[in-house]
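Colleague: Below is a structure I'd like to ask you about.
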Amino acid sequence: MGYYLNYENPIVLVDDFNLDLDHVVRHFVRLGYDNIAGYLAGGFAAWFKQGETVERSGTWSPPDLAENLDDPSIWVLDVRNVNHREEDGYIQGSHHIYVGHLEEHIDEIPEDKRIVVHCDAGFKGGSLAASILEKHGFRNVTNLLGGTIGWKAANYPLVKDEEKPPLSVPPAM
């Protein structure tokens with residue numbers, strides 16, 4: 001929450017999974033986020049059932065991205081933790097900005113391209129990154145469903161940077 005919330009703006013919790021909201025609110029308050037304005041009981045499904053409007057980004061499956069990966073109008077943004085990128089590998093040609101630092105680096109993202117964001121599974125990090133980009137005026141944003149897990153499951157390659165050779169240590173004398 002420290003990456004995305006401030007202490008002034010009201011906070012509305014969305015209870016999509018019928019969690020113990022008292023427990024959740026306690027954690028927020030312990031961290032100083034005590035401006036809880038309310039919550040959406042029933043989660044987004046309740047919102048939809050009331051006929052309320054929503055903003056949405058595009059979604060692609062791994063085959064959609066694979067088919068368009070060489071298109072120069074596509075900019076692939078990996079928002080995973082850098083350790084996942086280094087350990088598991090990454091989609092060839094992707095650019096990395098951790099989702100928690102995205103707003104600090106928003107000027108590094110081209111506004112004239114389709115931005116395809118992905119995280120590990122395409123759920124929390126990718127969706128959050130798409131929302132942040134749209135908040136900053138990006139209108140051509142797509143979330144990769146399944147993220148790198150789906151990409152790999154569809155038998156598309158993840159690449160790794162070459163491992164650096166170990167430092168040579170002079171023999172002890």
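Colleague: Pop a pseudo-label 7 angstrom from the Cα along the beta-carbon direction at both L40 and N68 and give the gap in nm to one decimal.
Modeller: Calculated label separation equals 2.5 nm.
Colleague: When the accessible area of the chain is split by element with a 1.4 Å probe, what percent falls to carbon and sulfur?
Modeller: The C+S portion of the solvent-accessible surface of the chain is 52 percent.
Colleague: Ignoring ligands and nucleic acids, what accessible area does E87 show with a 1.4 Å probe (Å², nearest 10)?
Modeller: 120 Å²
Colleague: So how exposed is S131, as accessible area in Å² (1.4 Å probe, rounded to 10)?
Modeller: S131 has an accessible surface of roughly 70 Å² with all protein chains in place.
Colleague: Starting from the Cα of K135, draw a straight line to each of the aspartates and glutamates and keep only those under 19 Å, dropping any in the same chain fewer than 8 residues away.
Modeller: Partners found: E8, E52, E55, D78, E103, E104, D107, E108, E111, D112.
Colleague: In deg cm²/dmol, rounded to 500, what helix-only [θ] at 222 nm does the chain give when every DSSP H run of at least 4 residues adds -39500 (n - 2.57) and the total is split over its residues?
Modeller: That comes out to -8000 deg cm²/dmol.
Colleague: On a 1.4 Å probe surface of the protein chains, which of W47, W75 comes out largest in accessible area, and what is the full order?
Modeller: Sorted by accessible area, descending: W47, W75.
Colleague: Per-residue accessible area for K113 at 1.4 Å probe radius, Å² rounded to 10?
Modeller: 60 Å²
The values are calculated or read from the model by the stated rules, or taken from the named source; none is laboratory data. It should be emphasised that the depicted structure is a prediction, and the values quoted were computed from it without experimental measurement. Using ideal geometry, Cβ is built from the backbone for each residue, glycine included, and neighbour counts are taken over all protein chains shown. Note: accessible area is taken over every heavy atom of the protein model, side chains too, but ligands, DNA and RNA are not part of it. Shrake-Rupley method; radii C 1.70, N 1.55, O 1.52, S 1.80 Å.
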